[in-house]
Every structure is written in structure tokens, then in C-alpha cells.
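*Asks:* First the structure, then my questions, so here it is.
The values are calculated or read from the model by the stated rules, or taken from the named source; none is laboratory data. Every value quoted in this text rests on a predicted model; they were computed, and no experiment measured them. No Cβ is skipped: glycine too gets one built from the backbone with ideal geometry, and neighbour counts run over all protein chains shown. Keep in mind that these areas ignore ligands, DNA and RNA; they rest on the heavy atoms of the full protein, side chains included. Shrake-Rupley method; radii C 1.70, N 1.55, O 1.52, S 1.80 Å.
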Amino acid sequence: MCGVLPLFAAGVPGLGGGYLTTGLFGAYGPVLADDARTADALVAAAIDRSRARKARFLVVKALGAEPPAGGFEPLDHWVIAKLALAPDPETVWRRFRDKTRNAIRKGQRSGLAVRVGHAYLEGFYDVLAENMHRKGAPIYGRSLFEELLRALGSRGEIVTLEHGGRTVSGALVIRFGDVATVPFASSRPSSFHLNPNNLLYWEIISRSCRAGARTLDFGRSLRDSTALSFKLGWGAATEAQPMFVRALRGAAPRFDVAAPSIRFLTGLWRSLPRTVADALGPAVCRRWLA
């Protein structure tokens with residue numbers, strides 16, 4: 001084995017909406033190869049398979065600014081925020097600004113109870129679904145997270161906060177080697193006065209330090225977004241994480257969240273009752289989104 005490139009099909013091939021991507025639901029999907037020749041062969045095979053499926057385009061979610069091959073258009077809307085950790089959480093604590101430490105202390109005094117383990121998936125998923133609906137985005141099926149936790153085993157962890165017996169904040173944390181990453185995290189807006197986000201991430205940072213992680217990957221964020229500002233407030237540094245798109249039929253998509261069509265769709269989704277959005281979301285994600 002000298003190279004690997006994952007490919008996921010989204011949409012309906014041949015009906016105008018199908019495409020292939022190397023990273024599912026925001027995950028990174030770089031070309032993994034021992035050398036340039038192997039990398040070129042993998043990308044060429046991915047293009048061939050995309051054409052065979054009559055896909056409109058191919059997306060490579062790379063790490064770094066170099067395109068995987070000629071003919072790919074970069075979409076530089078996103079960055080990754082990473083925080084250096086230490087064996088002792090107190091070492092990381094001392095690096096924080098006074099504002100960050102005070103926000104964590106406020107969360108600790110708010111009566112929030114930390115809950116950790118796969119058993120808290122239901123509460124985490126409900127918070128995430130509420131947050132996705134508020135943003136106007138379809139929610140992934142709960143079975144996706146069940147399968148992720150089953151496959152990851154001890155490398156995957158659910159961390160939640162409860163207030164009055166109700167889950168108000170939660171995250172999925174994945175550890176591999178000396179890196180801990182948080183692909184999904186959210187809090188209920190009704191609990192923001194309790195500072196759950198600050199306490200949640202401090203729990204994640206503390207647990208990751210004690211588990212031997214040396215880097216916390218906050219995940220991908222849009223440039224100049226509120227989410228990115230929150231992550232940078234912890235002292236994180238950013239790395240470019242462009243998506244490279246190879247158009248096979250027609251023009252390459254822009255994936256521009258500010259486009260009028262996207263704003264219309266997100267507004268339409270927010271207008272749906274939460275129960276309807278939760279019921280339709282998994283099917284929409286499975287069929288169209290990646």
C-alpha cells in the first residue's frame with residue numbers, strides 16, 4: 001500500500017446534481033501518498049471514476065494550499081484553527097487571556113454538570129439538531145453518529161453539559177495519535193447566559209491534555225466568521241484548508257454561503273417546524289450534501 005484517496009458520492013449521478021468528494025460532511029480528505037507519482041495516479045483515478053459516474057464535479061478537501069493536480073480550482077473560504085496543548089492542563093490555562101478564564105469560571109459557577117460517554121449521544125444530537133435548524137442547515141441522521149462512535153470505539157467521545165437535567169451543550173471529540181479534533185460542537189442559545197461553550201471547550205482541552213494529546217484541532221471554519229473568532233480567542237492559530245474543485249460538466253460550483261440562492265434556502269429551512277426539519281434533514285444530507 002503506497003497511497004489512499006477516499007471518495008464519497010453525493011447526489012444522483014446523471015441527473016445534474018451528482019458529484020464526488022474526498023471528505024464527507026466537512027471532514028478533511030487529502031491525497032495520502034508516498035510520492036508525487038502515486039498521488040498523481042490517485043487523482044487521475046478519482047477523475048476517471050467521477051466521469052464514469054457522470055458526476056458534475058470532483059471535490060478534493062486538501063490540507064495546505066497546493067492543488068492536487070492541474071485543472072482544479074481553489075475555493076479558499078475556510079481555515080482550520082489549532083491550539084497547542086501540554087501534558088498539564090494548567091500550563092494551557094495560564095496561556096489564556098483573563099477574559100477567557102473568567103468566562104470558564106462563570107460556566108463552572110452556573111450549575112452546569114459535565115457528562116462524558118457514548119451514552120450521552122441522544123442529548124448531544126438534540127442540541128446539534130436545534131443548532132443546525134437555527135442556522136438553516138439540514139441535520140445529519142443520528143445513525144451517522146451511532147456508526148461513528150461504534151467504529152471509533154475509545155477514540156471517539158461525547159462530552160456534554162447538563163443544566164437542570166437537560167443537555168444544553170455537547171461535542172463529539174475524536175483522538176488519533178497526539179491530536180484531538182472536534183468536528184461537531186454546539187450549545188442551545190437559551191443557555192448562552194451560562195457560558196456553556198467556554199466550559200465545554202475547557203473540559204475538552206483538559207481531558208485531551210490528560211489523554212496525551214498535544215494539539216486540539218477545533219475543526220474547519222469560514223474565514224471571518226463568529227465561530228472562528230471564538231476559536232481564536234483561545235489562542236489558536238489558523239491553517240489554510242481550501243477545497244479544490246474540478247469541473248467535469250458545466251461550471252465549477254462556488255460553495256458561497258453568501259450567495260442569494262443559499263440565503264434563500266437557509267431561510268426556507270429555518271421556517272420549517274423543527275420536527276419537520278429533523279425528519280427531512282437526514283434524507284437531504286444523504287442524497288445531496290457532502
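*Asks:* For every helix of n ≥ 4 consecutive DSSP H residues, a contribution of -39,500 (n - 2.57) applies; sum these over the chain, divide by its total residues, and give [θ] at 222 nm rounded to the nearest 500 deg cm²/dmol.
*Replies:* Estimated from H runs of four or more residues: -11500 deg cm²/dmol.
*Asks:* Right, next: What value does the range 29-150 have for Rg/Rh, both radii from Cα atoms and Rh as Kirkwood defines it?
*Replies:* Using only Cα positions, Rg/Rh for the range 29-150 is 1.08.
*Asks:* I want to verify a result. In a Gaussian network model of the chain, Cα cutoff 10 Å, which of these has the top mean-square fluctuation: T181, T215, T38?
*Replies:* Most flexible of the set in this elastic network: T38.
*Asks:* Which of E122, E73, E147 moves most in a GNM of the chain, Cα contacts under 10 Å?
*Replies:* E147
*Asks:* Per residue, how much accessible surface does the range 1-82 expose to a 1.4 Å probe? Answer in Å², no decimals.
*Replies:* Per residue, the range 1-82 has 50 Å² of solvent-accessible surface.
*Asks:* Specify the inter-centroid distance of the range 157-195 and the range 247-277, based on alpha-carbon positions, in whole Å.
*Replies:* 26
*Asks:* Check the straight Cα-Cα distances from K82 and name the lysines below 19 Å, setting aside those fewer than 8 residues away within the same chain.
*Replies:* K61, K231
*Asks:* For the range 90-120, which trypsin sites (Lys or Arg not before Pro) are in a loop by DSSP, counting at most 11 other Cβ atoms within 10 Å?
*Replies:* Passing both the DSSP loop test and the Cβ count: R94, R97, R109.
*Asks:* Over the chain, with every protein chain in place, what whole percent of the accessible area is carbon and sulfur at 1.4 Å, could you tell me?
*Replies:* 55
*Asks:* Right, here's the next one. Which loop-located trypsin sites (Lys or Arg not before Pro) does the range 147-229 contain, where loop means any DSSP state but H, G, I, E or B and the Cβ has at most 13 other Cβ atoms within 10 Å?
*Replies:* Passing sites in the range 147-229 are R223.
*Asks:* What shape does the range 85-183 have by the C-alpha gyration tensor, where a ≥ b ≥ c are the square roots of the eigenvalues, rounded means a/c under 1.5, and otherwise prolate means a/b greater than b/c and oblate the rest?
*Replies:* Here the range 85-183 falls in the oblate category.
*Asks:* Then there's this: Which FRET efficiency value, to the nearest 0.05, do you get for L152 and A84 by plugging their Cβ-Cβ distance into 1/(1 + (r/R0)^6) with R0 = 25 Å?
*Replies:* 0.55
*Asks:* Now for a different question. Taking only protein heavy atoms into account and a 1.4 Å probe, give the accessible area per residue of the range 155-290 in Å².
*Replies:* So the range 155-290 comes to 48 Å² accessible per residue, rounded to a whole number.
*Asks:* Please compute the length gained on full extension between D40 and R223, using 0.36 nm multiplied by the number of residues separating them and subtracting their Cα-Cα distance.
*Replies:* Taking 0.36 nm per residue and subtracting the Cα distance, the gain is 62.9 nm.
*Asks:* For the range 62-76, what does the Karplus curve 6.51 cos²θ - 1.76 cosθ + 1.60, with θ = phi - 60°, yield as ³J(HN,Hα) per residue in whole Hz, taken in order and with x for Gly and Pro?
*Replies:* 7, 10, x, 9, 7, x, x, 5, x, x, 9, 9, x, 10, 9
*Asks:* Could you give me the percent of Cα pairs per 10 Å distance bin for the chain, shortest bin first, beginning at zero and ending with the bin that holds the maximum distance?
*Replies:* For the chain, the binned pair fractions read 6, 25, 34, 24, 9, 1 percent.
*Asks:* Angle check, please: helix 121-135 long axis (alpha carbons) against the longest principal axis of the chain (alpha carbons), in degrees 0 to 90, nearest 10.
*Replies:* The angle comes out near 70 degrees.
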